[in-house]
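Here is the structure we will look at.
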Amino acid sequence: MEQSNLINEDLEIQILLENIFCEYGYDFRNYSRTHIKRRILHRISIESKINSISEMTKKILNDKKFFKVVLQDFSICVTEMFRDPLIYKNVRKNIIPILKNKEHIKIWDAGCATGEETYSLAILLKEEGIYNKTEIFATDFSKIALNTAEEGIYPARKIKKYAENYHEAGGTKVFSDYYRMKSDHVIMDKSLRERIIFFEHNLASSSSFDFMDFIICRNVLIYFSKELQNQVVTFFGNSLVDKGILWIGSRESFKYLNCNKYFKPIDSVNNIYVK
Ligand SMILES: C[S@@+](CC[C@H](N)C(=O)[O-])C[C@H]1O[C@@H](n2cnc3c(N)ncnc32)[C@H](O)[C@@H]1O
């Protein structure tokens, strides 16, 4: 593609994002441009009546339902239970003992998607005997993802993989005790929901929380520009108690961020930090 076309394309993406922000309040201006561009071009390729970024901008502004589709496109909700099981195993071995010493534990699962990560945490905390003294705040900016999380209903075909992950993560119980089957779905056990509050929160525009002991934000920062990553990690620093713990995704890094003054690694291999 010619240089001038590329510049035009970048400008059109910028205009599309500014329009989304002004019209709907969602701020994607500081997301990784590569990610946003890929999602926009993908959407254009499957919409027969949209042939350019500017046509897509018009449709977003005139059609709220279409905006919701685009919002889903931008919010990649790929997740699974006990994702990266060996890291969970390490969390069980090295992080849970730190939390066990606390009278009350506050956990923030930021970017929880459809809830599989949150239920995995609940299972882990239950097995370690500290679930009853824990509150889990599980947030995402996707309402659709949060609805699934609230329900805790997942396709049965995924359960084999989740059970394997659970055992690899150090789980020793019978995994099927944590859900019941209903036709081709599984419904997570109600007791796992008792200490979880799911709610909408946008890391790009909302404020931080207070007195968190443990923040999990995995595979979310990767979609943000360095500037937004700095802003969000600073939120996390402000939200944690002293010596609070932050766990980020295995493909994410603080290396090039200037907010890392808040944190030192407690487990650098697994991307776990302490304030
Ligand atoms: C790839 S999923 C990660 C899910 C889970 N943490 C995991 O690692 O399996 C990324 C999630 O981040 C959410 N997300 C993206 N931008 C966000 C923002 N600005 N505020 C809150 N959540 C956001 C998306 O909606 C999506 O559910």
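No value in this document is a laboratory result; all are computed from the given coordinates. Keep in mind that what you see is a predicted model, and the values were worked out from it rather than measured. Virtual Cβ from ideal backbone geometry, glycine too; neighbours counted across all protein chains shown.
What is the number of the single condition among (1) crowded, with 18+ Cβ neighbours inside 10 Å; (2) within 16 Å of the ligand (Cβ to nearest atom) that residue 257 does not meet?
Exception for residue 257: condition (2).
Taking residue 220 and the conditions (1) under 14 Å from the mean Cα position of the chain (by Cα); (2) among the β-branched types (Val, Ile, Thr); (3) surrounded by fewer than 21 Cβ atoms within 10 Å (Cβ to Cβ), which numbered condition does it fall short on, given that it satisfies the others?
Here residue 220 clears every test but (3).
Could you say which residue among 78, 70 is under 30 Å from residue 125 (Cβ atoms), within 14 Å of the ligand (Cβ to nearest atom) and among the aliphatic types (A, V, I, L, M)?
So the residue among 78, 70 that is under 30 Å from residue 125 (Cβ atoms), within 14 Å of the ligand (Cβ to nearest atom) and among the aliphatic types (A, V, I, L, M) is 78.
Check every one of the strands (runs of 3 or more DSSP E) wholly within the stretch 88-188 and list those with 1 or more residues that are within 16 Å of the ligand (Cβ to nearest atom) and within 18 Å of the chain's Cα centre (by Cα).
105-110, 134-140, 153-155
What single numbered condition from (1) crowded, with 22+ Cβ neighbours inside 10 Å; (2) farther than 26 Å from residue 40 by Cβ; (3) out of contact with any Leu (no Cβ under 8 Å at 6 or more places or on another chain) fails to hold for residue 156?
In the conditions (1) crowded, with 22+ Cβ neighbours inside 10 Å; (2) farther than 26 Å from residue 40 by Cβ; (3) out of contact with any Leu (no Cβ under 8 Å at 6 or more places or on another chain), residue 156 misses (1) alone.
Could you tell me how many of the residues in the stretch 169-183 are charged (D, E, K, R) and closer than 15 Å to residue 129 by Cα?
Total meeting the criteria: 1.
Of the residues 186, 241, only one is surrounded by fewer than 19 Cβ atoms within 10 Å (Cβ to Cβ), of a type in the set (Val, Ile, Thr) and under 30 Å from residue 129 (Cα atoms); which?
After ruling out the rest, the residue left standing is 241.
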